[in-house]
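Take a look at the structure set out below.
The values are calculated or read from the model by the stated rules, or taken from the named source; none is laboratory data. All values reported here derive from a predicted model rather than from experimental measurement. Using ideal geometry, Cβ is built from the backbone for each residue, glycine included, and neighbour counts are taken over all protein chains shown.
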Amino acid sequence: MTDVQRIDSRLADTALMVAVCRAIASVRGTHDIDDPYSAAFVSASGVPYWTAFLESGEALLAQSTDFAIKARAMLGHVVARTRFIDRFIEDSIGDSARQLVILGAGFDTRAERLELLDGKAVYEVDIEPVTRFKSSALESAQFDGAHKPILIGADLAGDWLPRLVEAGWDATVPTVWVAEGLLGYLHGPEQEALLLTIAEHSPEGSTALFEYAATISSDTEVQTDNPPMEQFSSDADAALPDLTTLIHVEPRTAPDDFLGRCGWRNEVAAGTEVYTHWFDETDIQVRAAALSPQFDTRFIVSRK
Ligand SMILES: C[S@@+](CC[C@H](N)C(=O)[O-])C[C@H]1O[C@@H](n2cnc3c(N)ncnc32)[C@H](O)[C@@H]1O
């Protein structure tokens, strides 16, 4: 994939981190996830620590270091949330909701992986460097024949809706919205502006899924020996970047509260419930790490 334009963006690192987890889980073949495209994106990125992690990740995760335990806990959460959200999309997309918008899509591979999305419009919004790279990667041989998303480079902390409309999104058609691993990178008021845009521009019959980490709200008391979001911090041996500083821990209204006030109906699933249902971890230490407050998330399904 030498013709692919390389990416250089710290936010893109967060997307590559998740893609590496999906790629390693797929190679291990034991996690009911089959995602060949994540590995293709990571390889094409040319970012040395992620490509190296893709190569050596399996061996690193087999160690009994704190880093390996934490990384396996995170991998389990990524697999569980991927499967849970896949099912949410399968249940939500249909004759009336014919369009899917993935916010902060990164290297989400659902457009390529999920057969039921064939023939449906899948819009993916992310920052320009990510969508530019993804667009060039999707032209390469690995993605030949795969259903491709419509990519929109826009800042979700700004005025992104006109870009979505320009790309063909139809405000009169019920939409399925997904925001997975995004909200922590937005400030509280930016998160509220994003939710308001969705609430005001979605017709009846629209559905949204927000993954919300309790640790991004400074209103939440998280009892832990480690600082919030420490699971993403660097490890000298693995030479991974420290992505903690990109996350904004500050007061914010939870998406279900905000959308509830806008008249949407919410169902909330605890991250622990999603993890234990969709991921089968037999190692006691890894499971304990995965169920610790550091990974305290909620999955909010909102319907208009
Ligand atoms: C942790 S990654 C998750 C990617 C993907 N949803 C997944 O789970 O594989 C967060 C993504 O949000 C994007 N993002 C963060 N802040 C953004 C912003 N202000 N505008 C657009 N995208 C943003 C990043 O570029 C990155 O792709």
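Observations, loosely collected:
- Residue list for the stretch 26-54, filter: part of a helix (DSSP H, G or I), of a type in the set (A, V, I, L, M) and within 18 Å of GLY106 (Cα to Cα): ALA39, ALA40, VAL42, ALA44, LEU54
- Some residue of the stretch 68-88 being modelled with pLDDT under 90, acidic (Asp, Glu) and surrounded by fewer than 18 Cβ atoms within 10 Å (Cβ to Cβ): no
- Residue pairs meeting the criteria (Cβ under 7 Å; at least 6 apart or on separate chains; first without any contact (Cβ under 8 Å) to a residue 40 or more places away in the chain, in the stretch 256-274; second surrounded by fewer than 20 Cβ atoms within 10 Å (Cβ to Cβ) and assigned to a loop (DSSP other than H, G, I, E, B)): THR272/LEU291
- Any hit, the stretch 150-162, residues being more than 19 Å from LEU194 (Cα to Cα), touching a residue at least 60 places away in the same chain (Cβ under 8 Å) and within 16 Å of the ligand (Cβ to nearest atom): no
- Per-region count, the stretch 1-24, residues away from the ligand (no atom under 12 Å from the Cβ) and at pLDDT 90 or above: 1
- For the stretch 246-274, a residue qualifies if it is within 21 Å of PHE84 (Cβ to Cβ) and assigned to a loop (DSSP other than H, G, I, E, B), and the qualifying residues are ALA254, TRP264.
- Unique match (being crowded, with 18+ Cβ neighbours inside 10 Å and within 12 Å of the ligand (Cβ to nearest atom)) among ILE102, ILE93: ILE102
- Filtered residues of the stretch 163-197 (kept if more than 12 Å from the ligand (Cβ to nearest atom) and assigned to a loop (DSSP other than H, G, I, E, B)): ALA167, GLY168, TRP169, ASP170, ALA171, THR172, VAL173, PRO174
- Qualifying residues in the stretch 182-198 (those that are surrounded by fewer than 19 Cβ atoms within 10 Å (Cβ to Cβ) and touching a Ser or Thr at 6+ places or on another chain (Cβ under 9 Å)) - the one farthest from SER302 (Cα to Cα): GLY188
- Condition met for ARG110 (among the basic types (Lys, Arg), within 14 Å of the ligand (Cβ to nearest atom) and within 19 Å of VAL301 (Cβ to Cβ)): yes
- Selection count, the stretch 275-304, where residues are among the aliphatic types (A, V, I, L, M), in contact (Cβ under 8 Å) with a residue 40 or more places away in the chain and part of a helix (DSSP H, G or I): 3
- Residues satisfying the stated conditions in the stretch 27-44, i.e. among the hydroxyl-bearing types (Ser, Thr, Tyr) and modelled with pLDDT of 90 or more: TYR37, SER38, SER43
- Test: residue in the stretch 232-245 that is in a helix (DSSP H, G or I), surrounded by fewer than 19 Cβ atoms within 10 Å (Cβ to Cβ) and at pLDDT below 90: yes
Residue-by-condition table, conditions (1) closer than 23 Å to GLY271 by Cβ; (2) in contact with a Leu (Cβ under 9 Å, 6 or more places away or on another chain); (3) among the hydroxyl-bearing types (Ser, Thr, Tyr):
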{"position": "SER56", "(1), (2), (3)": "no, no, yes"}
{"position": "ALA59", "(1), (2), (3)": "no, no, no"}
{"position": "ALA62", "(1), (2), (3)": "no, no, no"}
{"position": "ARG81", "(1), (2), (3)": "yes, no, no"}
{"position": "ILE89", "(1), (2), (3)": "yes, yes, no"}
{"position": "PHE107", "(1), (2), (3)": "yes, yes, no"}
{"position": "ARG113", "(1), (2), (3)": "yes, no, no"}
{"position": "GLY119", "(1), (2), (3)": "no, no, no"}
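- Looking only at the stretch 256-288, residues that are in contact with an Asp or Glu (Cβ under 9 Å, 6 or more places away or on another chain) and of a type outside the set (A, V, I, L, M, F, W, C) come to 8 in all.
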